[in-house]
Amino acid sequence: MKTILPGATIGMLGGGQLGRMFAIEARKLGYRVHIFESTPDCPAGQVADLTFSNCFSDIAALEKFSSGVDVVSYEFENIPVSALDAVSKHVDIHPSREILHMSQNRRREKEYLSKHGFPVAPFRVVDSVESLAQAAKELGSCVLKTADFGYDGKGQQNIRGGEDLAQIWKQHGAPVGVVEKWITFQAELSVIVARTHDDVTRCFPVAHNHHENHILAITQAPAPLDAAVSDEARRIAESLARQLNLVGLLAVEMFLTADGKILINETAPRPHNSGHYSFDACVTSQFEQQLRAVCGLPLGKTDLLSPVLMHNILGDLWAKHTPDWPALLALPGLKLHLYGKSDPRPGRKMGHYCILAETLEMARAIDAQAQKILLRD
């Protein structure tokens, strides 16, 4: 793998907030950034050197985009494989097409993890109401999930017993689904791991996550865990990165079960919402680390500069009025990040803030003040 030095041009597939923060870090290191994104005036395009506002089915546009960059990465999973094939004819893509293809589909992901000995919840692949009923009988309380395009809780249906499975399967509306055993967990965790082409890996501190309505609300780092649990979470993430032959960044979401076991819930071969804290609170952010890995540069240190709490800002806050940004910014240790999105729809991630403090307890106290400001009538 050749080293892509500062001054080169990085191609980014996808133009959302992850691409935006990646572009900011790349520009700081002297790189140029070209974005390929179908939505005009995308968050990443506002800070990039050049944006291709084309559909991912536009092969001619993809080839033109590819011819002007030195390496390509991506910031979301739902990129057609045909688009990756078109790009890879002209320039390297990291992480690889195979890793993205695996992570795009829950069935492929679960079967890959299980086949290679990684801990996952018991699951069944179903293709009819009869197989759904058999899976529910074998697993007990469970969750039916779509195989494709599920995120932030979309495409999921809880099954506790007594439901009309025929109606649930009809509402599912897809030929195949994945049924996972319901897991009673004591914590939701995530680990962001980077790996280079020469097998150097580096993990960010294990994060503790809290979701509301299936959307990540709060991340705290370092996660308040026993050292042995954190060590095991990092070991699993690093082992998976090596098994995948990853070049780039991988986010691994995990459950810490009630009996102290770690199970992988989902993976994403890109920066992750739960790693946003690193932008302010780590020596090297997850976005700079992604850049370093895909360019063949040495990985940066991931040490925390201080305990940190990250809180997502959703479009619901705009229902009554524009949030009071000056009051929010007056709080000690608070760093505000807004993504430049013009349409604050309910449930849409419009930004986030991080609170750096001496302890997580102090960060939580400041966060309580922040929420009073944002939720004020």
Problem - Criterion: surrounded by 22 or more Cβ atoms within 10 Å (Cβ to Cβ), assigned to a strand (DSSP E or B) and modelled with pLDDT of 95 or more - qualifying residue of LEU250, LEU291, LEU246 - result: LEU250
Exercise for the section: Filter the range 299-336 down to residues that are β-branched (Val, Ile, Thr) and not in a loop (DSSP other than H, G, I, E, B) and give me whichever is nearest to PHE287 (Cα to Cα). Expected result: VAL308
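A quick yes/no check of all residues on (1) more than 16 Å from the chain's Cα centre (by Cα); (2) surrounded by fewer than 13 Cβ atoms within 10 Å (Cβ to Cβ); (3) at pLDDT below 90:
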site: ILE159; (1), (2), (3): yes, no, no
site: GLN167; (1), (2), (3): yes, yes, no
site: HIS172; (1), (2), (3): yes, no, yes
site: ILE183; (1), (2), (3): yes, no, no
site: ILE215; (1), (2), (3): no, no, no
Handout entry: Members of the range 110-119 that are surrounded by 19 or more Cβ atoms within 10 Å (Cβ to Cβ) and either out of contact with any Phe, Trp or Tyr (no Cβ under 9 Å at 6 or more places or on another chain) or under 16 Å from VAL179 (Cβ atoms) (or both)
Key = LYS110, LEU113
Practice task
Name every residue in the range 244-260 that is touching a helix residue (DSSP H, G or I) at 6+ places or on another chain (Cβ under 9 Å) and on the phi < 0 side of the Ramachandran plot, in order of residue number.
Solution key: LEU244, LEU246, VAL247, LEU249, LEU250, ALA251, VAL252, GLU253, MET254, LEU256
Problem - Residues satisfying the stated conditions in the range 355-365, i.e. crowded, with 18+ Cβ neighbours inside 10 Å and in a helix (DSSP H, G or I) - result: LEU360, ALA363
Practice task
Report yes if HIS352 is in a strand (DSSP E or B) and buried (at least 23 other Cβ atoms within 10 Å of the Cβ), otherwise no.
Solution key: yes
Practice task
For the range 308-337, name all the residues that are under 22 Å from the mean Cα position of the chain (by Cα) and within 16 Å of ALA370 (Cβ to Cβ).
Solution key: VAL308, LEU309, MET310, HIS311, ASN312, ILE313, LEU314, ASP316, LYS335, LEU336, HIS337
Problem - Residue under evaluation SER285, criteria (1) buried (at least 22 other Cβ atoms within 10 Å of the Cβ); (2) touching a strand residue (DSSP E or B) at 6+ places or on another chain (Cβ under 9 Å); (3) under 28 Å from ALA228 (Cβ atoms), criterion not met - result: (2)
Completion exercise
Inside the range 71-111, the number of residues satisfying the requirement of being touching a Pro at 6+ places or on another chain (Cβ under 8 Å) and assigned to a helix (DSSP H, G or I) is 3
Exercise for the section: Spot the failing condition for PHE52; the list is (1) closer than 24 Å to GLN289 by Cβ; (2) hydrophobic (A, V, I, L, M, F, W, C); (3) buried (at least 18 other Cβ atoms within 10 Å of the Cβ); (4) at pLDDT 95 or above, and only one is missed. Expected result: (1)
Handout entry: Sole exception among (1) closer than 25 Å to VAL72 by Cβ; (2) touching a Phe, Trp or Tyr at 6+ places or on another chain (Cβ under 8 Å); (3) small (Gly, Ala, Ser) for ALA268, by number
Key = (2)
Practice task
Any residue in the range 223-244 that's in the same structural domain as VAL308 (by TED's automatic domain parsing): show its pairings with residues that are part of a loop (DSSP other than H, G, I, E, B) and not hydrophobic (A, V, I, L, M, F, W, C) at Cβ separation under 7 Å, as long as the two are six or more apart or on different chains.
Solution key: ARG242/ASP199; GLN243/HIS116
Fill in the blank from the handout: Checked ALA8, ALA60, ALA26 against criteria (surrounded by fewer than 24 Cβ atoms within 10 Å (Cβ to Cβ) and either touching a residue at least 60 places away in the same chain (Cβ under 8 Å) or closer than 19 Å to ASP92 by Cβ (or both)); the one match is ALA8
Practice task
Can you confirm whether the range 73-85 contains a residue that is modelled with pLDDT of 95 or more, under 18 Å from the mean Cα position of the chain (by Cα) and either within 22 Å of HIS337 (Cα to Cα) or in the same structural domain as MET254 (by TED's automatic domain parsing) (or both)?
Solution key: yes
Fill in the blank from the handout: Note: among GLN171, GLN186, just one is within 19 Å of ALA133 (Cα to Cα) and among the polar types (S, T, N, Q), namely GLN171
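The values are calculated or read from the model by the stated rules, or taken from the named source; none is laboratory data. This one's a predicted model, so the numbers in the text were calculated from it and none came from an experiment. As a convention, Cβ positions derive from the backbone with ideal geometry for all residues, glycine included, and neighbour counts pool all protein chains shown.
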